[in-house]
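Every read-out reported here was derived from the displayed coordinates using simple, explicitly stated rules and does not represent laboratory data. Everything numeric in this text was worked out from a predicted model, so none of it was measured. Positions of Cβ are backbone-derived with ideal geometry, glycine not excepted, and every protein chain shown enters the neighbour counts.
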Amino acid sequence: MRKRVLSGIRATGRLHLGNYLGAVKGMIELQNNPSYQCLYMVADAHTITTPYDPKQLSDNRKEIIIDYLASGLDPQKSILFIQSQIPEHFELTYYFSSIVTIARMQHLPTYKEKVKQYPQNNTMALLNYPILMAADILVYKANLVPVGADQEPHLEVAREIGRKMNQLFKTDFPEPIRFATKGEYIPSLKGEGKMSKSVEGSYINLTDSFDEIRKKIRSIPTATTAGGPLIGGLKTLFILGQIFLSSTDYQNFKNQYNQGNLQFSQMKDTLAQVIYEELKSFQERRKEIEKNEDYVNEVIKEGAIRAREIASQTLKEVKEKMGF
Ligand code: TYM
């Protein structure tokens with residue numbers, strides 16, 4: 001049997017460069033490897049763990065599927081679906097919650113961050129976030145999960161849950177591991193923390209125009225002192241440089257930096273151009289797909305049927321083993 005791959009992105013808005021480099025690129029790579037069966041979802045149920053607008057959620061669910069298609073995910077090769085259309089995820093979450101302690105959930109860095117960010121929203125759904133994510137992965141018995149480095153603590157929880165289920169109920173869940181890309185951690189354009197949708201000015205959207213990209217890259221704070229350690233905005237600039245520039249260009253800019261004669265504006269504008277080139281084909285494909293709503297609806301419908309076939313099988317096994 002082919003190994004399974006599962007990943008998802010919350011429906012919080014348009015994808016940014018961090019999502020693309022940390023997750024989507026890995027998703028595409030695995031999809032194009034015939035040894036894997038890939039399932040990629042829109043994590044719409046995870047979206048409501050922080051404050052949200054129902055109208056926006058409703059739109060964004062489809063937008064993410066369009067982003068997936070435009071990036072090169074192919075419904076002939078991968079199962080593309082919307083999480084909430086597979087109720088087995090929620091049922092499994094409940095069974096899993098019976099073997100997870102509250103203390104374990106409260107200690108997760110992602111939980112603590114979100115509570116700090118939204119103190120009025122310290123909800124059970126937020127606390128349950130990693131259990132639902134474990135159910136997303138394990139309901140398909142997925143072995144590989146292409147996600148950014150920030151998701152590692154959640155994967156650790158999924159492995160723990162799988163292990164404990166196997167011990168207690170003799171199930172056969174695998175230990176899912178993260179599939180990392182070279183863009184597994186894209187820092188913020190502001191030079192502090194990671195590129196994130198929730199931090200204004202930190203990200204480049206996949207749909208940004210060339211002018212927007214150039215303006216944003218130019219705004220990366222870069223110190224004028226040369227040759228020092230690559231920290232803050234310099235780190236962001238050089239990480240993006242390493243990913244997008246040719247190795248010759250990258251090395252030239254790096255040498256100039258070390259020698260103290262790098263013209264930051266030149267490196268930034270070159271980088272903006274190359275990023276735009278890569279996003280341009282995505283943007284063109286996206287425009288085409290947007291026009292074809294029936295096709296997108298068909299992909300979603302078909303994806304749900306195929307995902308559910310697998311998920312219901314796992315759920316049946318788990319229920320039997322747990323005594324239901
Ligand atoms: P989300 O929606 O926050 O992010 C989607 C994906 O983008 C990656 N990512 C980044 N990678 C590199 N650098 C960055 N600055 C950056 N910002 C975001 C994330 O690591 C992620 O891969 N919990 C998940 C959604 C989810 C999921 C799942 C993923 C729900 N169930 C099951 C995998 C399997 C999340 O919040 O992703």
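The table that follows gives values for the structure above.
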{"item": "The range 1-94: C-alpha gyration tensor shape, a/c 1.5 cut-off, then a/b vs b/c", "result": "oblate"}
{"item": "For Arg10, residues with placed amide H under 5 Å, excluding near neighbours", "result": "Ala43"}
{"item": "Dipole magnitude (debye, nearest 20) for the chain, charges at Cβ of Lys, Arg, Asp, Glu", "result": "620"}
{"item": "Total charge dipole magnitude, the range 210-288, about the Cα centre, Cβ charges on Lys, Arg, Asp, Glu only, Debye to nearest 20", "result": "200"}
{"item": "Under 5 Å, built H, 5+ apart or other chain: amide partners of Thr171", "result": "Asn166"}
{"item": "Extended-chain gain in nm, criterion 0.36 nm per residue less alpha-carbon gap, Glu293 and Gln117", "result": "59.8 nm"}
{"item": "Most to least packed among 142-151, 177-186, 118-127 [average Cβ atoms within 10 Å]", "result": "142-151, 177-186, 118-127"}
{"item": "Helix-only CD estimate at 222 nm, as mean residue ellipticity for the chain, using -39500 (n - 2.57) per DSSP H run (n ≥ 4)", "result": "-17500 deg cm²/dmol"}
{"item": "For Ile177, residues with placed amide H under 5 Å, excluding near neighbours", "result": "Leu144, Val145"}
{"item": "P(r) tail fraction, the chain - alpha-carbon pairs more than 27 Å apart, %", "result": "47"}
{"item": "Kyte-Doolittle mean at least -1.0, axial Cα span of 20 Å or more - DSSP H helices of the chain", "result": "54-71, 124-138, 152-169, 264-290, 293-322"}
{"item": "Partner lysines for Lys301 [C-alpha distance under 29 Å; skip if fewer than 8 residues away on the same chain]", "result": "Lys3, Lys25, Lys55, Lys62, Lys77, Lys141, Lys197, Lys280, Lys287, Lys291, Lys316, Lys319"}
